[in-house]
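A short reminder: the numbers here are calculations on the coordinates, not readings from a lab. These numbers come from a predicted model, not from an experiment. Backbone-built Cβ (ideal geometry, glycine too); neighbour counts: all protein chains shown.
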Amino acid sequence: MNFEAVKSIYLFEMARMKRTLLQSVISPVLSTSLYFVVFGAAIGSRIETVEGVPYGAFIVPGLMMLTLLQNSISNASFGIYFPKFIGTIYEVLSAPISFLEIVLGYVGAAATKSMILGLIILATAHLFVPIEIKHPFWMLFFLVLTAITFSLFGFIIGIWADNFEKLQLIPLLIITPLVFLGGSFYSIHMLPEFWQKVTLANPVLYLISGFRWSFYETADVGIELSIAMILIFLALCLSIIWWIFRTGYKLKT
């Protein structure tokens with residue numbers, strides 16, 4: 001394992017977070033604060049509690065997951081797409097480092113930035129509502145595993161994308177709607193029975209449900225099922241990345 005190579009890629013990507021502090025940190029925090037003001041104040045005044053949890057506190061895991069997914073994907077996809085765009089990716093590919101070390105560097109930095117932002121969002125939430133984390137270990141487990149998994153997914157998108165429009169296509173048109181419809185701001189038990197069954201087909205539901213369970217011990221699906229779903233998606237992403245480097249898909253042309 002060439003740790004120096006991994007460290008170089010990792011530190012280079014982390015430095016980009018400092019250079020774009022307004023976009024990387026301040027903007028998501030302000031957006032989340034607006035969610036608390038709009039949903040917490042407007043809707044929270046009409047819905048006091050959801051499954052025994054104050055509504056303002058109930059939406060915190062969903063908001064954290066929304067931020068985590070969006071930033072994990074965008075950080076990783078842009079991190080690998082930009083070297084492709086300017087042509088420096090060929091210098092990385094010709095260097096004496098393996099694809100595993102390349103992935104560790106780019107995905108590790110993207111996941112780290114997302115986890116830092118997620119914890120900042122958690123600290124921001126404390127300014128608006130009282131939060132109790134009943135299972136801190138499982139909260140960190142879901143935070144880390146989700147950040148890594150969707151950073152891998154973002155890495156795949158960055159390789160697949162041919163332009164900046166495609167880079168934003170999946171996060172905006174697929175991931176964000178799935179998060180909003182995956183129980184971020186409500187429990188699926190509040191829906192009619194038919195729509196409850198439809199929502200179970202949304203993979204993001206299992207992430208949000210497991211994450212919320214770590215806070216309040218309330219979940220829409222079993223915690224074991226949530227863990228299994230994210231591990232399956234992690235394995236799928238790893239398999240696709242292995243295939244990409246094995247075949248040189250959109251890397252050798």
Rounded Å value of the spacing that divides the Cα centres of the stretch 72-100 and the stretch 201-236: 30 Å
Note to self: C-alpha centroids of the stretch 148-181 and the stretch 1-16 sit apart, in Å, by 23 Å
When Thr32, Thr112, Thr20 are ranked with the fewest other C-beta atoms within 10 Å first, the list becomes Thr20, Thr112, Thr32
Return a whole-number percent for the relative contact order of the stretch 3-247, with Cα pairs under 8 Å and 6 or more residues apart as the contact set. 26 percent
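For the pairs Lys7/Lys166; Lys7/Lys84; Lys113/Lys197; Lys18/Lys250; Lys7/Lys134, flag any whose C-alpha to C-alpha distance is greater than 24 Å.
Values: Lys7/Lys166 29 Å; Lys7/Lys84 20 Å; Lys113/Lys197 35 Å; Lys18/Lys250 29 Å; Lys7/Lys134 35 Å.
From Lys7/Lys166; Lys7/Lys84; Lys113/Lys197; Lys18/Lys250; Lys7/Lys134, over 24 Å: Lys7/Lys166; Lys113/Lys197; Lys18/Lys250; Lys7/Lys134.
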What list do you get for Ser151, Ser226, Ser27, Ser33 if you sort them by fewest beta carbons within 10 Å? Ser27, Ser33, Ser226, Ser151
With the dipole of the chain defined by +1 on each Lys or Arg Cβ and -1 on each Asp or Glu Cβ, the option from Pro54, Trp195, Trp243 whose Cα lies farthest towards the positive pole is Trp243
Those trypsin sites (Lys or Arg not before Pro) from the stretch 5-99 that are DSSP loop and have at most 15 other Cβ neighbours within 10 Å turn out to be Arg46
Report the GluC sites (Glu not before Pro) located in the stretch 175-238 that are in a DSSP loop and have at most 16 other Cβ atoms inside 10 Å of their Cβ, or state none. Glu217
